[in-house]
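The values are calculated or read from the model by the stated rules, or taken from the named source; none is laboratory data. Remember, predicted model here, so these are calculated numbers, not experimental data. Glycine also receives a Cβ, built like all others from the backbone with ideal geometry; neighbour counts cover every protein chain displayed.
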Amino acid sequence: APAIVWLRDDLRIADNPALNAAVERGGAVLVLFVLDEVSDGIRGLGGASRWWLHQSLESLGTSLAELGVPLVLRRGAAAEVVPAVVAETGAGAVFWNRRYGGAARAIDTELKTTLRADGLDVASFAASLLFEPWTITTGAGNPYSVFTPFWKACRDAPPPRGPLPAPTAIEGYAGAAASDAVDDWTLEPTHPDWAGGLREAWTPGEAAASAALDDFLATKLAAYAGERDFPAEEATSRLSPHLRFGEISPYTVWERATRARAGLGGAGAEGTTRFLTELGWREFTHHVLFHAPELATVNWRREFDAFPWPPLDESALVAWQKGRTGLPIVDAGMRELWTTGTMHNRIRMVVASFLTKNLLIDWRLGEQWFWDTLVDADEASNPFNWQWVAGSGADAAPYFRVFNPELQAKKFDGHGQYVKHWVPEVGTDAYPEPIVDLGETRRAALAAYDVVKNQP
Ligand code: FAD
């Protein structure tokens, strides 16, 4: 009886424990991906992520075909589709790598129980996080709510395992298994085709992910700590969408970065520590999600439920989305996002602060826009970071820290290179006046925050 490897956020062959387990079990293997847009609580992918998924599945399908392993694509509720594929193929085992969102975990737990009750061999593995959320707790056994002690506890824990070797020979399942074609899913935009900028900016897939990591380590790691905040520099790894879809594992990133540090000597130490700490933030957001599954909708600090959001100003929201606020650094970021599906981290903080504090628009609306437009949109990192900027999140920036976009531009884009690239009409009549007064809106935001602060 064949084994099914059910892939989800782990679209790779290398360092894939579920795949390795299927190979070690002996017998034929088939790989399954289920596009689940219907199960309760599963958040449908945004437009940019759908585009990425299409390319990533094509790339995976090609690599698996070279190994003689079928990639079966099915659509529907996972709790029904997985047992259906088991029945159709007579599978004797189902293996997967864990995911950490609340609804996803509920589905997986239930499936594990029902498939085992049917006599199948079912196992799940750690593959997408370096540290399992239930293993990193305070002395009192509680989850951490502050990053620094969290990351210290991770560093004091047994170090992450090394990446597993990719299987070189797999017995592919040769029987019939109905599969959709990825084109059937219309994940790519057609009318209009807005993905031109995405195609230019990115190459999804496992091989490109590995190449991006190697390039970053060879040419950027040493200067990373000093340059990562400057949006005009190409100083960061651009690994986030690859990590989001699991085209590369954090174990591989960890191991290769640690090895690169040794090769760089003193200069590399600071860059590597900083880079690994950013991976630590990725871990933290997922651990927070694990313990607070409603992260995308509910204030992590519940006292923010009292925040007096004014009625929504639709035209301000649209100006922000389209990059027409009249604040050049904000507009540059929002246009970069729309065109390429990403935005530099420093500018993400600036535009999020501007939306929530200068425009007094609920962070959930910003989070939703990012969800739809980012290629790295992630169920943990996106709401976590939005709440972090808004002040309602775990280890959040204090609410009274309102980024001043003009000062941020001076500090991090001093020569205006980034702004000029994305907002070439700055300084001409074609460019709008600022839609708000920064000083006035800052004072209004602080007054609104008093309501939260003065909660009993
Ligand atoms: P690098 O600087 O090379 O960092 C390496 C890796 O560390 C990243 O690929 C990412 O996986 C991780 N990382 C870095 N910073 C963070 C962070 N603050 N939180 C979590 N992980 C981090 N990141 C996402 O992956 N998905 C999101 O949906 C997302 N939404 C965000 C929303 C807002 C409002 C803000 C302020 C930040 C958001 N981030 C998100 C975090 C960060 O901006 C991106 O991870 C980063 O810009 C990706 O570029 P890079 O891969 O070149 O990062």
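For region 49-82, a residue qualifies if it is among the β-branched types (Val, Ile, Thr), under 26 Å from LEU115 (Cα atoms) and in a helix (DSSP H, G or I), and the qualifying residues are VAL81, VAL82. Note on region 406-430: residues that are within 17 Å of VAL351 (Cα to Cα) and modelled with pLDDT under 95 total 0.
Residue pairs whose Cβ atoms lie under 9 Å apart, separated by 6 or more positions or on different chains, with the first residue in region 335-350 and over 12 Å from ASN385 (Cβ atoms) and without any contact (Cβ under 8 Å) to a residue 40 or more places away in the chain and the second more than 11 Å from the ligand (Cβ to nearest atom) and of a type in the set (Asp, Glu), do not occur. Just a yes or no: is a residue in region 340-359 in a helix (DSSP H, G or I), away from the ligand (no atom under 11 Å from the Cβ), surrounded by fewer than 23 Cβ atoms within 10 Å (Cβ to Cβ) and modelled with pLDDT of 95 or more? Within region 340-359 (the criterion being in a helix (DSSP H, G or I), away from the ligand (no atom under 11 Å from the Cβ), surrounded by fewer than 23 Cβ atoms within 10 Å (Cβ to Cβ) and modelled with pLDDT of 95 or more), the answer is yes, since at least one residue qualifies.
The residues of region 368-424 that are surrounded by fewer than 23 Cβ atoms within 10 Å (Cβ to Cβ), closer than 21 Å to GLU283 by Cβ and charged (D, E, K, R), listed by number, are ASP376, ASP395. Of the residues making up region 177-193, those that are assigned to a loop (DSSP other than H, G, I, E, B) and either in the same structural domain as LEU337 (by TED's automatic domain parsing) or in contact (Cβ under 8 Å) with a residue 12 or more places away in the chain (or both) number 8.
In region 209-225, of all residues being more than 10 Å from the ligand (Cβ to nearest atom) and free of Cβ contacts under 8 Å to residues at least 40 places away in the same chain, the one that is nearest to the chain's Cα centre (by Cα) corresponds to ALA211. Within region 286-303, is even one residue away from the ligand (no atom under 16 Å from the Cβ) and over 26 Å from ALA104 (Cα atoms)? Checking region 286-303: at least one residue is away from the ligand (no atom under 16 Å from the Cβ) and over 26 Å from ALA104 (Cα atoms). Being near the ligand (Cβ under 9 Å from one of its atoms) and crowded, with 20+ Cβ neighbours inside 10 Å is the filter here; which residues of region 239-255 pass it? Scanning region 239-255 gives LEU239, PRO241, HIS242, LEU243, ARG244, PRO250, VAL253. The set of residues in region 171-200 that are among the aliphatic types (A, V, I, L, M) and crowded, with 16+ Cβ neighbours inside 10 Å comprises ALA177, VAL182, LEU187, ALA195, LEU198. When you go through ALA222, ALA212 one by one, which is the residue that is surrounded by 19 or more Cβ atoms within 10 Å (Cβ to Cβ), in the same structural domain as THR272 (by TED's automatic domain parsing) and modelled with pLDDT under 95? The unique qualifying residue is ALA222. Only one entry in ALA87, ALA103 is farther than 28 Å from PRO158 by Cα, surrounded by fewer than 20 Cβ atoms within 10 Å (Cβ to Cβ) and under 21 Å from the mean Cα position of the chain (by Cα), namely ALA103.
Please tell me if THR277 is part of a helix (DSSP H, G or I) and of a type in the set (Val, Ile, Thr). So THR277 fits the description; yes. Could you check, for region 364-385, whether at least one of its residues is in contact (Cβ under 8 Å) with a residue 24 or more places away in the chain, over 22 Å from the mean Cα position of the chain (by Cα), more than 11 Å from the ligand (Cβ to nearest atom) and not in a loop (DSSP other than H, G, I, E, B)? No: region 364-385 contains no residue that is in contact (Cβ under 8 Å) with a residue 24 or more places away in the chain, over 22 Å from the mean Cα position of the chain (by Cα), more than 11 Å from the ligand (Cβ to nearest atom) and not in a loop (DSSP other than H, G, I, E, B).
Checking each residue in region 239-255 for being touching a residue at least 40 places away in the same chain (Cβ under 8 Å) and in a loop (DSSP other than H, G, I, E, B) picks out PHE245, GLY246, GLU247, ILE248, SER249.
Kindly evaluate ARG259 against the criterion of being away from the ligand (no atom under 16 Å from the Cβ) and closer than 18 Å to PRO160 by Cβ. Considered against the rule, which asks whether it is away from the ligand (no atom under 16 Å from the Cβ) and closer than 18 Å to PRO160 by Cβ, ARG259 comes out as yes.
The set of residues in region 34-44 being surrounded by fewer than 19 Cβ atoms within 10 Å (Cβ to Cβ) and touching a residue at least 40 places away in the same chain (Cβ under 8 Å) consists of SER39, ASP40, GLY41, ILE42, ARG43. Pairs linking a residue in region 289-313 that is of a type in the set (Phe, Trp, Tyr) to a residue that is part of a helix (DSSP H, G or I) and loosely packed, with under 14 Cβ neighbours inside 10 Å, with Cβ atoms under 9 Å and 6 or more positions apart or on different chains, are PHE290/TRP134; PHE307/VAL451. Residues considered: THR297, THR236, THR258. Of these, the only one that is assigned to a loop (DSSP other than H, G, I, E, B), surrounded by fewer than 17 Cβ atoms within 10 Å (Cβ to Cβ) and of a type outside the set (A, V, I, L, M, F, W, C) is THR297.
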